[in-house]
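Data first, discussion second: the structure below is written as structure tokens.
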Amino acid sequence: LYDPTFGYYTTKDSVGTDFKTKPLKYSPQYGKWSSELVFKLWLNMLNQGLIAPKDRIEIIEFGAGTGQLACDMLENLKRKSEKADTYPTLRNFYRRSHYTIYEISPKLRKMQLEKNRHLLDKLTIKPGDARSAPEDCKGRT
């Protein structure tokens with residue numbers, strides 16, 4: 001898939017047109033659901049004392065395709081966090097959150113960057129994948 005000469009992700013001009021690996025037809029609803037699930041998991045961990053309110057929240061995605069999920073999730077969290085009177089806990093969550101995409105394909109990293117340029121204060125795009133076990137993913141002691 002990633003071979004420089006023959007790989008699907010390195011040689012195709014329009015990646016993602018041959019098959020679907022995530023429910024783009026539900027986007028941005030899918031991103032909204034995902035961001036709300038991550039928020040609920042964080043809140044549950046916070047309430048159980050597993051994390052502190054000031055801890056950084058890392059949201060990590062491997063092989064993010066066009067970067068649409070990151071875009072939808074971060075935009076939903078930002079929109080809700082701006083309603084401070086309605087969602088004060090969500091505002092804290094958004095302030096402390098950071099989204100990292102690990103992507104092998106330089107072409108897809110470029111697409112992800114273009115789609116999410118307006119969110120770069122909350123998003124980092126790095127080369128890599130789940131096999132490389134980036135430092136961000138290793139357990140904390």
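The values are calculated or read from the model by the stated rules, or taken from the named source; none is laboratory data. Since the model is a prediction, treat every value here as computed from it, not as a measurement. Positions of Cβ are backbone-derived with ideal geometry, glycine not excepted, and every protein chain shown enters the neighbour counts. Note: areas computed on protein heavy atoms with side chains; ligands, DNA, RNA excluded. Shrake-Rupley method; radii C 1.70, N 1.55, O 1.52, S 1.80 Å.
Pick from 109, 79: which is in contact (Cβ under 8 Å) with a residue 12 or more places away in the chain and out of contact with any His (no Cβ under 8 Å at 6 or more places or on another chain)?
109
Going by the structure shown, is residue 35 modelled with pLDDT of 90 or more and open to solvent by less than 40 Å² (accessible area, probe 1.4 Å)?
Numbers: modelled with pLDDT of 90 or more: yes; open to solvent by less than 40 Å² (accessible area, probe 1.4 Å): yes.
Here the answer is yes, as residue 35 does meet what is asked.
Would you pick out the residues in region 53-65 that are open to solvent by 40 Å² or more (accessible area, probe 1.4 Å) and out of contact with any His (no Cβ under 9 Å at 6 or more places or on another chain)?
Listed by number, the residues that qualify are 53, 54, 55, 60, 62, 63.
Among the candidates 96, 56, 109, 79, which residue alone is closer than 30 Å to residue 3 by Cβ and charged (D, E, K, R)?
Details: 96 fails: closer than 30 Å to residue 3 by Cβ; 56 fails: closer than 30 Å to residue 3 by Cβ; 79 fails: closer than 30 Å to residue 3 by Cβ.
Only one candidate passes the filter, namely 109.
Starting from residues that are among the basic types (Lys, Arg) and in contact (Cβ under 8 Å) with a residue 12 or more places away in the chain, keep the ones in region 25-76 and report whichever is nearest to residue 114 (Cα to Cα).
Out of the qualifying residues, it is 32.
Restricting to region 92-108, what's the tally of residues that are open to solvent by 20 Å² or more (accessible area, probe 1.4 Å) and not hydrophobic (A, V, I, L, M, F, W, C)? Give the derivation first.
We begin by selecting, within region 92-108, every residue open to solvent by 20 Å² or more (accessible area, probe 1.4 Å); these are 92, 94-96, 98, 104, 106-107.
Restricting the remaining residues to those that are not hydrophobic (A, V, I, L, M, F, W, C) gives 92, 94-96, 98, 106-107.
Qualifying residue count for the region: 7.
Go through region 66-89 and report how many residues are polar (S, T, N, Q), farther than 17 Å from residue 27 by Cα and buried (at least 16 other Cβ atoms within 10 Å of the Cβ).
Residues that pass the stated criteria total 1.
Quick check: is even one residue across region 114-127 surrounded by fewer than 21 Cβ atoms within 10 Å (Cβ to Cβ), free of Cβ contacts under 8 Å to residues at least 24 places away in the same chain and polar (S, T, N, Q)?
no
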